[in-house]
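The values are calculated or read from the model by the stated rules, or taken from the named source; none is laboratory data. Since we're looking at a predicted model, the values are computed, not measured. Using ideal geometry, Cβ is built from the backbone for each residue, glycine included, and neighbour counts are taken over all protein chains shown.
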Amino acid sequence: MRHLTETIILENNAVAKNIFRMTLKCPEISRSAQPGQFVNIYFSDQIHIFPRPFSIAGATDEILNLIYRVVGVQTSQMAGWKIGQTVKILGPLGNQFTVDASVDNHVLIGGGVGVAPLIFLADKILQGGIEPQFFLGVKNRDEMPDGKFFRQLQDFHASSDDGSIGFHGTVVDNFLSHLPGIKKSVAIYACGPEKMNAALAQLAGERRYDCQISFERLMACGLGLCQGCTVKKNSTDAEAGYLLVCKDGPVFHSDRVMFND
Amino acid sequence: MIDLTTQIGLKLQLKNPVLTASGTFGYGDELADLIDLNRFGGIVTKSLTLHPRAGNPSPRITETTAGMINSIGLANIGVDAFIEQKSELLSHLPGKVIVNIAGRTEDEYADTLKKLESQEWIAGYEMNVSCPNVREGGIEFGAKPEILNHIVGRIRDLTNRFLMIKLSPNVTDIRVLAEVCQKRSADAVSMINTVYGAAIDIKTRKPLVNTVIGGLSGPAIKPIAVANIYKTHRAVDIPIVGIGGISCGADVVEFLLAGASAVELGTVNFFNLNAVAEILEFLEEYCVAQGIGVVTELVGKVKV
């Protein structure tokens, strides 16, 4: 059930360079939120009119966590929001990652701020008594979120483009370097830049891994009204059409959609 | 208690002058859990075409100063699926349902309308002759008086229901086109559809919507809408339903004063889900403060 509500900020801190975590008291949304879903934050601004969508990075009873990167006017504003301030928020929106417990290896692969929904997903998988494998790639050490987010993960692997932290290379290459040790069935859950997503989709296709990817798109409404946030269906039929990231997604099985559209 | 009842021509009575604008409210059912649909005087559906349309490739939208540019390309489920899937909910709404129709050819408009005529719950039609984002159809029917004259005449002959023509501001003189609609016995005109707009990413040098030029909407276009409504109101006798950048109750009053009999809320539905409730509250307060008992008294009452 979606709720439009005013929530209170409990915490809002930088966790890496330009990356912040906001904690909100929001039982209406947190109690039903699932990993992969997102919320809209509304701004009373007539110049930048769109609400902004954010992946849910955690939900426990009354508490909702968001992790966001400062990229523009709205997120710069958000970085300055204080504890106790109210925020107009709508959610939970969109679909969710689905976890098939019969799979042997659950591999979470995040790029940059794409870590957000995966932290939530890792919590859920751990609660189910399964130990997930977590790969996170960042540009450099400064952009690696605080280690406390990953403390409970036994099988966490960092990488950076410049080699300043963890494996030197892309998160996909880091995952590939671990593949020889992974023998049985694999399910991939990913969120990151388009290039990472496309590379994973190709890999998953070749090796027949189940692969779910959470997409990011500019959205005007987040509700399926504007039809703006499309991803092309994977089909040889030229008229196959589009899926909406806000409503049909944001999580799609990698074989259902086209990349680099 | 202020009387918000609004009569649009002879055939359409609304309990208040606030409708949704086509293409910004889906088929009316998407928000049933978040907004009390009964607050609207009426719902105008997304444009329907004879066959389903996938719409344009990505990117379809971009945010611009006080607005947005879209190039959706009339993506819709087609008239048959609409009747099959959406009739149940829409037929039970206490507000009026206006179905927006579009087509690539005159025949497509006609065939779409004929199918909809079987649905008794439909209060009327809005003809989209002003979509800027499709290669065939769309604005080409709404830019030339002689072409508009023909298609409105043909559609008028097919239905006795309320028929409103949605006009584009991307023309030399919108009044000439409104006059054609009046001559062809349209019940009303609605204006404005989106304004041609484009935006370019200076890093990639690529256009920010797929068709390069798309339709600009949002608060940025409100003054353009008010100007077009004002001049059209002085040129024709049929009612005008005002559209274009409305985001609050004060905007609605402005539209009524310029000559609109009712309004449609468009882009605001994306960024303020409480817009209709806030607008109705403002209208009541404004009328009380102005000593007006009936909201229709405001129509065209700009003091010039």
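Filtering the stretch B:100-124 down to residues that are outside any strand (DSSP E or B) and of a type in the set (Gly, Ala, Ser), which residue is nearest to B:Gly153 (Cα to Cα)? This residue is B:Ala110.
Residues in the stretch A:22-39 that are within 14 Å of chain B (Cβ to nearest Cβ) and closer than 21 Å to A:Ser76 by Cβ: A:Val39 alone.
Looking only at the stretch A:158-183, residues that are at pLDDT 95 or above, out of contact with any Lys or Arg (no Cβ under 6 Å at 6 or more places or on another chain) and hydroxyl-bearing (Ser, Thr, Tyr) come to 3 in all. Restricting attention to the stretch A:241-258, the residues being touching a residue at least 12 places away in the same chain (Cβ under 8 Å) and over 17 Å from the mean Cα position of the chain (by Cα) number 6. Checking the stated criteria, A:Asp248 turns out not to satisfy the condition of being more than 28 Å from A:Val39 (Cα to Cα), modelled with pLDDT of 95 or more and either in the same structural domain as A:Pro117 (by TED's automatic domain parsing) or not in a strand (DSSP E or B) (or both).
Could you check how many residues of the stretch A:233-261 are within 11 Å of chain B (Cβ to nearest Cβ), of a type outside the set (Gly, Ala, Ser) and either in contact with a Lys or Arg (Cβ under 6 Å, 6 or more places away or on another chain) or closer than 16 Å to B:Ile61 by Cβ (or both)? Qualifying residue count, the stretch A:233-261: 8. For the stretch A:1-21, name all the residues that are assigned to a strand (DSSP E or B), out of contact with any helix residue (DSSP H, G or I) (no Cβ under 7 Å at 6 or more places or on another chain) and away from chain B (no Cβ under 14 Å). Matches in the stretch A:1-21: A:Thr7, A:Ile8, A:Ile9, A:Leu10, A:Glu11, A:Asn12, A:Asn13, A:Ala14, A:Val15, A:Arg21. So the check is Cβ under 6 Å with 6+ separation or different chains; which pairs have a first residue in the stretch A:40-54 that's within 8 Å of chain B (Cβ to nearest Cβ) and under 17 Å from A:Gly80 (Cα atoms) and a second one that's among the basic types (Lys, Arg) and assigned to a strand (DSSP E or B)? Listed by first residue and then by second, the contacts come to A:Tyr42/A:Lys88.
The rows are residues; the columns are (1) in the same structural domain as A:Ala190 (by TED's automatic domain parsing); (2) buried (at least 18 other Cβ atoms within 10 Å of the Cβ); (3) assigned to a strand (DSSP E or B).
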position: A:Leu24; (1), (2), (3): no, yes, yes
position: A:Ala33; (1), (2), (3): no, yes, no
position: A:Ser44; (1), (2), (3): no, no, no
position: A:Gly58; (1), (2), (3): no, yes, yes
position: A:Ile83; (1), (2), (3): no, no, no
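Filtering the stretch A:194-207 to residues that are within 22 Å of A:Gly36 (Cβ to Cβ) and surrounded by fewer than 16 Cβ atoms within 10 Å (Cβ to Cβ) leaves A:Glu194, A:Lys195, A:Gln202, A:Gly205.
Only one of B:Leu90, B:Leu148 is free of Cβ contacts under 8 Å to residues at least 40 places away in the same chain and not in a loop (DSSP other than H, G, I, E, B); which? Only one candidate qualifies: B:Leu148.
The single condition among (1) touching a Gly at 6+ places or on another chain (Cβ under 9 Å); (2) in contact (Cβ under 8 Å) with a residue 60 or more places away in the chain that A:Asp161 does not meet is (2).
If you filter the stretch B:41-54 down to residues that are surrounded by 20 or more Cβ atoms within 10 Å (Cβ to Cβ) and at the interface with another protein chain (Cβ under 9 Å from one of its Cβ atoms), you find that the one that is farthest from B:Ser217 (Cα to Cα) is B:Arg53. Elements of the type strands (runs of 3 or more DSSP E) sitting completely within the stretch B:184-300 and holding at least 2 residues that are in contact (Cβ under 8 Å) with a residue 12 or more places away in the chain and touching a helix residue (DSSP H, G or I) at 6+ places or on another chain (Cβ under 8 Å): these cover B:188-191, B:240-243, B:262-265. Of the numbered conditions (1) buried (at least 24 other Cβ atoms within 10 Å of the Cβ); (2) outside any strand (DSSP E or B); (3) aliphatic (A, V, I, L, M), B:Leu19 satisfies every one except a single condition; which is it? Going through (1) buried (at least 24 other Cβ atoms within 10 Å of the Cβ); (2) outside any strand (DSSP E or B); (3) aliphatic (A, V, I, L, M) one by one, B:Leu19 breaks only (2). Does B:Ala235 satisfy being buried (at least 23 other Cβ atoms within 10 Å of the Cβ), at pLDDT 95 or above and under 20 Å from B:Leu177 (Cβ atoms)? No: the conditions fail for B:Ala235. Annotation: A:Leu218 fulfils all but one of (1) within 18 Å of the chain's Cα centre (by Cα); (2) more than 14 Å from chain B (Cβ to nearest Cβ); (3) in a loop (DSSP other than H, G, I, E, B); the unmet one is (2). Scanning the stretch A:126-135 turns up one or more residues that are without any contact (Cβ under 8 Å) to a residue 24 or more places away in the chain and either surrounded by fewer than 14 Cβ atoms within 10 Å (Cβ to Cβ) or in contact with a His (Cβ under 6 Å, 6 or more places away or on another chain) (or both).
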